[in-house]
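Notes follow the structure.
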Amino acid sequence: MIKRNTYYPDYNVLDEIEEWDPVTADAVLKRLGPFSALKFLTGDEEQRLRVICKHLVYDNRDDIFDWVIHFIDQRLADEKGEYQRSPDAPPEKILVREGLKAIDKLAKKLYGGEFLSIGVEKQFDILASLQVGKAVSIPEWSTIPQKDLFDKLLVLTVAPYYSHPTIWSEIGYGGPAHPRGYYRIELGLADPWEAQRKHLTDKEEENG
């Protein structure tokens with residue numbers, strides 16, 4: 001996998017895997033795949049959701065989004081309840097499924113094509129309008145609150161994205177501290193095994 005410009009170009013969190021307990025190591029490695037077949041999402045929903053997730057975190061690497069989609073699919077297939085929900089929003093299974101349909105319908109109304117076919121700029125415009133609750137009116141918004149839909153898609157994306165080992169390496173996160181733990185806890189100090197930050201050139205900052 002090619003890593004994006006990062007302050008930690010030579011750091012790979014998986015080099016530390018021997019320091020983790022076996023259960024934790026297994027849980028992290030499973031985020032690299034292979035993944036089981038979809039349980040909740042249909043093929044069309046998965047394609048639409050994958051593009052939306054990529055836009056939300058400005059990343060386009062399918063090996064990472066294979067994990068993101070798997071995480072979301074497992075979450076939506078689970079019968080456990082949500083930890084919290086807006087009183088105006090339906091359960092997340094309905095919010096996501098009907099919300100993806102509504103996004104497609106909005107794309108057709110505004111641009112005459114399905115969401116996946118309208119191009120990146122128009123896709124961004126639709127998502128930006130949902131974020132502030134200002135999307136063009138369609139009947140679906142009476143039961144699918146726009147901002148709740150955007151917030152749910154964002155939360156479902158960010159959680160698995162930032163739990164992927166590649167992203168951990170890029171942000172310099174050392175992974176689970178158990179059982180080793182940290183001992184240099186003073187401000188500005190780091191343990192020897194932690195990522196060492198590299199100064200990026202102006203050009204690298206621009207291309208990050």
Residue satisfying condition, being over 17 Å from the mean Cα position of the chain (by Cα) and either modelled with pLDDT under 95 or over 25 Å from ALA107 (Cβ atoms) (or both), within set ASP15, ASP63, ASP44: ASP15
Quick test for you: out of TYR8, TYR83, pick the one residue that is surrounded by 15 or more Cβ atoms within 10 Å (Cβ to Cβ) and not in a helix (DSSP H, G or I). TYR8
Considering only residues that are modelled with pLDDT of 75 or more and aliphatic (A, V, I, L, M), look in region 173-208 and name the one that is most open to solvent (accessible area, probe 1.4 Å). LEU189
Inspect region 34-49 for any residue being closer than 26 Å to ALA195 by Cβ and in contact (Cβ under 8 Å) with a residue 60 or more places away in the chain and give the result as yes or no. no
Qualifying position, being open to solvent by 70 Å² or more (accessible area, probe 1.4 Å), out of contact with any Ser or Thr (no Cβ under 8 Å at 6 or more places or on another chain), among the acidic types (Asp, Glu) and within 20 Å of SER117 (Cα to Cα), among ASP88, ASP62: ASP62
Looking for whichever is within 30 Å of LEU32 (Cβ to Cβ) and modelled with pLDDT under 95 here; the options are GLY99, GLY81. Which one fits? GLY81
Please determine, by comparing only the residues of region 18-37 that are of a type in the set (A, V, I, L, M, F, W, C) and within 17 Å of the chain's Cα centre (by Cα), which one is farthest from ASP73 (Cα to Cα). VAL28
The residue from VAL120, VAL155 that alone is closer than 29 Å to LEU32 by Cβ, open to solvent by 30 Å² or more (accessible area, probe 1.4 Å), out of contact with any His (no Cβ under 9 Å at 6 or more places or on another chain) and among the β-branched types (Val, Ile, Thr) is VAL155
Going by what's in this entry, would ILE94 be described as farther than 28 Å from THR166 by Cβ and either in contact with a Phe, Trp or Tyr (Cβ under 7 Å, 6 or more places away or on another chain) or among the β-branched types (Val, Ile, Thr) (or both)? yes
Kindly provide the set of residues from region 97-116 that are open to solvent by less than 10 Å² (accessible area, probe 1.4 Å) and farther than 12 Å from THR143 by Cα, ordered by number. LEU100, ILE103, LEU106, ALA107, PHE115
Give the residue that is nearest to SER163 (Cα to Cα), with candidates limited to residues of region 18-27 that are in contact (Cβ under 8 Å) with a residue 60 or more places away in the chain and surrounded by fewer than 19 Cβ atoms within 10 Å (Cβ to Cβ). THR24
When region 51-75 is examined, which residues are found to be in a helix (DSSP H, G or I) and over 15 Å from PHE35 (Cα atoms)? VAL51, ILE52, CYS53, LYS54, HIS55, LEU56, VAL57
So ASP15, is it in a helix (DSSP H, G or I), without any contact (Cβ under 8 Å) to a residue 12 or more places away in the chain and under 22 Å from GLN74 (Cβ atoms): no
Only residues in region 124-148 that are under 18 Å from LYS93 (Cα atoms) count as the first member; pair them with residues that are of a type in the set (D, E, K, R) and surrounded by 11 or more Cβ atoms within 10 Å (Cβ to Cβ), Cβ under 6 angstrom, at least 6 apart or cross-chain, and list the lot. ILE144/GLU98
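The values are calculated or read from the model by the stated rules, or taken from the named source; none is laboratory data. The structure presented is a predicted model; accordingly, all values stated were derived computationally and were not measured. Neighbour counts run over all protein chains shown; Cβ positions are idealised from the backbone, glycine included. Accessible surface areas use protein heavy atoms only, side chains included; no ligands, DNA or RNA. Shrake-Rupley method; radii C 1.70, N 1.55, O 1.52, S 1.80 Å.
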